[in-house]
1. If you check ASP337 against the conditions, is it among the acidic types (Asp, Glu), modelled with pLDDT of 95 or more and within 17 Å of the chain's Cα centre (by Cα)?
2. Within the range 491-530, can you find the residues that are β-branched (Val, Ile, Thr) and under 16 Å from LEU571 (Cβ atoms)?
3. Within the range 116-131, track down each residue that is within 21 Å of ASP105 (Cα to Cα) and open to solvent by 40 Å² or more (accessible area, probe 1.4 Å).
4. Given the range 132-222, what helices (runs of 4 or more DSSP H) lie entirely inside it while holding 1 or more residues that are farther than 30 Å from PHE106 by Cβ, among the small types (Gly, Ala, Ser) and in contact (Cβ under 8 Å) with a residue 24 or more places away in the chain?
5. With respect to GLY394, determine if the residue is within 21 Å of MET356 (Cβ to Cβ) and surrounded by fewer than 19 Cβ atoms within 10 Å (Cβ to Cβ).
6. Condition test on TYR233, is it part of a helix (DSSP H, G or I) and more than 14 Å from PHE203 (Cβ to Cβ)?
7. Taking LYS214 and the conditions (1) among the basic types (Lys, Arg); (2) under 51 Å from the mean Cα position of the chain (by Cα); (3) closer than 30 Å to VAL296 by Cα, which numbered condition does it fall short on, given that it satisfies the others?
8. So which residues in the range 279-295 are at pLDDT below 90 and open to solvent by 20 Å² or more (accessible area, probe 1.4 Å)?
Amino acid sequence: MTDIGREYGIAVSDSSTVFAYLSDKKSPSKKDEVNIVLVEKVSQSRQILATPNLRRLIIEMYSVFDRCEKNSSRDKPLDTASCCTFSRAYRSVLYNAAVSHSSSDFMTDFALWSLYEKLWFGRGDSSICSDLISWANEPFTFFRDATERAAESVEPNKAPEEDFWKGVAINLLSCNFSDCRELLGLLGKSPEYDAFINVLSSFKPDDLSDEALKDTVNEWKELMQENLINRKYGNNENLKYLAKLLLGEERYLASMAPRVLAHWWQFLPFYVLVRNPFAKYQELIDLADECRTIFVGVEEDEGARENDVFWCLISKNDINFQQLISSNPWLAVHLVDLIQKATLNPEFEEMRKMHMLDYASALISHSPLWEIGAGYLISCGTEGLLRLDAHIEGLHIEDDEMAEQLLDICEDYQLKDSKNCVTNTMTFRYLKQNEWSAALAWALKTGSKKTIDWTVSRIISGGSKEELAALRVLESIATHSVLSLPSLTFLFAYQHFIKMMHNGNVIGCVQHLIPLIMMPDVPTQYYYDLFDYMITIIKEDSRSGIPFSKQVLYELSTFLSTFSLDKEKELNECYMKKVKTLKKMVLLKLADSIAKGLPLA
């Protein structure tokens with residue numbers, strides 16, 4: 001072998017490939033030897049799904065999905081209250097994942113879902129600005145570090161440092177006025193700080209939901225303006241700057257927001273509040289456009305907006321929105337599913353199915369999550385069941401529990417091919433391990449005469465007498481079940497004969513042995529042992545006095561004569577000699593019975 005590192009790949013599952021590397025032989029003297037190294041390369045998606053925290057997220061998201069699926073109808077949309085309940089459950093899972101991962105990505109997912117809920121799942125009995133402020137006050141972790149650094153930077157009798165004012169500005173621009181007031185309160189009592197804190201305290205977000213209170217809502221802005229005119233903030237330039245932000249002066253907004261916030265959508269609630277707190281939906285799109293432009297500036301990429309998932313959400317660009325979230329399956333699958341259940345929109349139904357089929361396939365190829373993947377596929381109707389059928393045939397079945405679960409699914413949804421695959425896999429596995437009871441139990445679940453006969457034949461040919469006597473599964477088989485197949489009938493009868501022989505019940509042995517010998521379809525290799533037992537019993541007859549009726553002996557001699565003719569070509573000389581010996585002994589025994597005048601039966 002002259003080529004080094006030649007590589008051959010064999011896919012062993014959807015998520016794993018085994019590669020064989022062929023390299024130079026070790027020694028020139030060993031001409032026929034080749035070094036082969038087998039390496040399994042696990043796909044990136046499987047590695048990701050193996051992360052414990054992510055697996056927990058997937059399991060918890062499926063738990064919510066399952067409840068939602070059971071409480072929804074294909075022809076009736078979810079009511080608003082139910083939709084919001086399931087939405088809160090989903091985003092709660094996302095939030096817990098973000099906190100446990102300390103991940104900004106999961107927190108962004110949480111923010112995106114929360115915003116969608118506020119804008120499109122809500123009851124619509126509050127203003128858009130009020131909803132945005134409520135959304136901004138969700139427990140986001142984006143600003144936690146800045147707030148903590150601001151609080152830690154405060155020192156008695158010392159002017160606040162830059163970190164402090166940055167923390168205040170971040171909380172102000174994210175509409176988190178309560179934390180903003182608390183931070184300013186750390187600086188102690190002063191007329192300037194008190195004046196500013198009082199203005200913030202006078203703002204009541206609930207008033208935004210009633211246009212009749214429009215003048216009241218604007219009072220806090222008017223008070224802020226008066227404080228500036230009356231120099232209530234003294235020479236504190238930081239407070240003056242914050243006041244001008246609250247008054248919505250664009251120059252200050254454009255200067256401060258990009259410096260302290262990471263994303264334009266974090267700035268949107270504050271921008272709507274200070275520019276048009278009673279904005280309607282169409283006005284919201286215009287305000288979001290202004291906010292984004294102020295924050296981002298002039299963009300060279302014309303498609304930047306279409307690639308901005310928050311912009312697509314707010315502008316209701318559903319096609320781009322779904323495409324952008326598709327890279328995040330646990331978000332896309334469940335959000336699109338909930339949207340479809342709330343609207344029964346056919347377009348969302350197609351997107352739902354597409355996202356769910358792909359997501360489920362990824363999960364089912366990662367064994368610990370196969371059951372969740374199967375649940376998603378089942379919810380996709382006929383197409384999902386077809387894909388599930390294909391996946392089951394490629395699954396590695398880890399144990400009996402998994403096999404039983406798969407079997408239940410196959411029977412519930414009439415997946416006949418997959419059922420055969422599962423039962424045959426388990427049957428052959430246990431036959432290979434010489435676990436006869438387990439093998440027979442799984443063979444019986446196939447319902448296939450061919451498989452059962454073949455399994456019984458393997459058990460009979462491979463098992464010892466002690467193992468056959470100990471077959472537990474036969475004890476639970478009803479008589480009518482046993483009698484339905486000749487191979488099972490023989491195995492059942494043979495086990496009873498072996499048990500009686502081990503217990504020393506000679507009469508019982510005779511009563512079972514003769515019918516056993518004359519059964520149809522007895523495996524040929526078993527006749528030799530059965531004939532041996534019969535010869536031994538007849539020899540012992542003179543000592544033990546075993547009763548043989550003339551009728552039974554006659555039927556046995558007739559059977560042996562026919563057997564000799566039928567099996568002559570199949571059996572070797574030793575076998576035929578054994579048959580002739582037994583036949584002779586039976587005929588002598590029959591003649592003796594006739595001479596003694598024994599009854600036929």
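The values are calculated or read from the model by the stated rules, or taken from the named source; none is laboratory data. Just so you know, these numbers come straight off a predicted model, no measurement behind them. With ideal geometry, Cβ positions are generated from the backbone for all residues, glycine too; neighbour counts draw on all protein chains shown. With ligands, DNA and RNA removed, areas are computed over all heavy atoms of the protein, side chains included. Shrake-Rupley method; radii C 1.70, N 1.55, O 1.52, S 1.80 Å.
1. Yes, satisfied.
2. Those that are β-branched (Val, Ile, Thr) and under 16 Å from LEU571 (Cβ atoms): ILE517, VAL522, THR524.
3. Result: LYS118, single match.
4. Per the criteria, 191-201.
5. Taking the combined requirement at face value, the residue satisfies it.
6. Taking the combined requirement at face value, the residue does not satisfy it.
7. (3)
8. The answer is LYS280, TYR281, GLN282.
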